[in-house]
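Chemist: Below you'll find the structure I mean.
Values in this text are rule-based calculations from the coordinates and carry no lab data. This is a predicted model, so every value here is computed, not measured. Cβ: placed from backbone, ideal geometry, glycine included. Neighbour counts: every protein chain shown.
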Amino acid sequence: MPEIEVTLGTWQEAEALLGKELSRMEGVDAVDVSGIRRKLETLSFDSPLYRDEETARRYGYAGIPSPVSMTATWSLPAYWQPGDPSLGTRVVMPPFPLVKIPAPGTAVMGTDVESEYFEPVYVGDRITCVNRLVSIIHKRTRLGLGAFMTVESTYTKQTSEVVCIERFTTFRYTPDPAGSRAS
Amino acid sequence: MSDAENLAFEDVTVGTVVPPYSVELTLQRLVMEAGANRDFAPAHFDREIARAEGRKDVFANTMLLQTLFEVMLRRWMGAAGKIRKLGLRMHAMNYVDQTLSAHGVVVECTPGRTAGMVKLDIWQQTPAQGKTVSGRAVVELPFRTK
């Protein structure tokens, strides 16, 4: 049975990465209206702002803007590209950096995500993301012994303008056999 | 879209309630969401894998929660407002086969030079689990013209 591939290591190894760049991701596709529509479709929502250039310009945008909450999606690389072996039956995982930090604990739970949005992302933009580890706070919770680790992701577009800074915190822990499971 | 449908800074005050917006977290909805946001982690749509990982069931991913808040705010603001900050604390997984609703209430209004900043308490809840997500949003609203 496939499981999330968590990189195991020591807290010293994790702490050595504080302030350092963990990874850099480049979105495989340019921002496009079809991608926006498919995303909003799942929530039964439509607005001319996200598909009609004239409307967007009337509201002061330089083009059709993307919903801000799609920023991370636009930074994701391909799961397969020419030259790679076939995906076959392999379970693919998004390359989110927090599970790649070497640390004790096989379990990971997302706890907080704080996003600040700056320059709009427009149709046609290419989004790049740089991830840095910014804090590790050790704690025992009802789940077990572990640490809250926060990664700061800075998203920029091809012009180098920053579009979003997002801080994502996960609790990495060794499940406490006697403890209650997250519900 | 007419300008009259757009929320202006003068339209809101501390205590103003944002109309809630909800989504049915069917398994198919979670699959559609994974396809649209490209987070293919199986814990969000493969019940067998989710349970093998120790989860009760598959659950909504973070990007769905963020977009549910964005849609709630966009429906309320119309096209003119801008989302400046979204902060979420996830208290519990939002499991499949229930209705997840997003809510918000204005807690602070600060006029600026060219627009107003409005801070909101925001949260999401399900009938079975109660409040599963809480947080803060900051939106920028234009001043009324004329």
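Chemist: In whole angstrom, note down how far apart the Cα centers of the stretch B:71-96 and the stretch B:115-135 are.
Modeler: With the stretch B:71-96 and the stretch B:115-135 each reduced to a Cα centre, they are spaced 8 Å.
Chemist: Excluding residues on the same chain fewer than 8 positions from residue B:131, give the lysines whose Cα lies under 22 Å from its Cα.
Modeler: B:56, B:85, B:119
Chemist: Suppose R0 equals 30 Å; then what is the FRET efficiency for residue A:29 and residue A:139 from their Cβ-Cβ distance, rounded to the nearest 0.05? Intermediate values should be presented prior to the final figure.
Modeler: Numbers: r = 39 Å, r/R0 = 1.29.
Working from the Cβ atoms, E equals 0.20.
Chemist: Sort B:77-87, A:5-15, B:13-23 by packing, meaning the average of other beta carbons within 10 Å per residue, with the highest value first. Intermediate results must be reported in sequence, preceding the final value.
Modeler: Working: B:77-87: 20.6, A:5-15: 13.4, B:13-23: 15.2.
Going from most to least packed, we get B:77-87, B:13-23, A:5-15.
Chemist: Within the stretch A:34-133, list the trypsin sites (Lys or Arg not before Pro) lying in a DSSP loop whose Cβ has at most 12 other Cβ atoms in a 10 Å radius.
Modeler: Values: sites: A:37, A:38, A:39, A:51, A:57, A:58, A:90, A:100, A:126, A:132; in loops: A:51, A:90, A:126.
Taking the stretch A:34-133 and a limit of 12 other Cβ atoms within 10 Å, the loop trypsin sites (Lys or Arg not before Pro) found are A:90.
Chemist: Note the angle between two axes, namely the Cα long axis of helix B:27-37 and the longest principal axis of the Cα atoms of chain B, as a number of degrees from 0 to 90, rounded to the nearest 10.
Modeler: Around 60 degrees separate the two axes.
Chemist: Follow-up question, since we're still on this one. Using a Förster distance of 35 Å, how high is the FRET efficiency between residue A:130 and residue B:131, based on the Cβ-Cβ distance and rounded to 0.05?
Modeler: Values: r = 33 Å, r/R0 = 0.95.
Computed FRET efficiency for residue A:130 and residue B:131 comes out at 0.55.
Chemist: With +1 on each Lys and Arg Cβ and -1 on each Asp and Glu Cβ, how big is the dipole of chain A about its Cα centre, in debye rounded to the nearest 20? Show your work: numbers first, answer last.
Modeler: Numbers: 19 positive and 23 negative charges, 95 e Å.
For chain A, the charge dipole is close to 460 debye.
Chemist: Still on this structure, please answer the following. Separation between the residue A:161 and residue B:51 pseudo-spin-labels, each 7 Å from Cα along Cα→Cβ, expressed in nm?
Modeler: 4.9 nm
Chemist: Additional query: Once Lys and Arg get +1 and Asp and Glu get -1 on their Cβ, which of B:14, A:61, A:168 lies farthest toward the positive end of the dipole of the protein assembly as shown?
Modeler: The listed residue farthest towards the positive side: B:14.
Chemist: OK, next. Enter the mean number of other protein chain beta carbons within 10 Å of the beta carbon of each residue in B:9-22, as an integer.
Modeler: Numbers: counts 0, 0, 0, 0, 0, 0, 0, 0, 0, 0, 0, 0, 3, 2.
Partner-chain Cβ atoms within 10 Å, mean over residues of B:9-22: 0.
Chemist: Within the stretch A:91-132, what residues put their amide N at less than 16 Å from the label point 7 Å along the Cα-to-Cβ vector of residue A:53?
Modeler: Residues passing the 16 Å test: A:122-125.
Chemist: Mind counting lysine pairs for me in chain A? Cα separation below 27 Å, and the two need to be 8 or more apart along the chain or on different chains.
Modeler: Here the count comes out as 6.
Chemist: Using helices alone, I'd like the mean residue ellipticity at 222 nm for the protein assembly as shown: each DSSP H run of four-plus residues gives -39500 (n - 2.57), total over residue count, nearest 500.
Modeler: Computed mean residue ellipticity for the protein assembly as shown: -4500 deg cm²/dmol.
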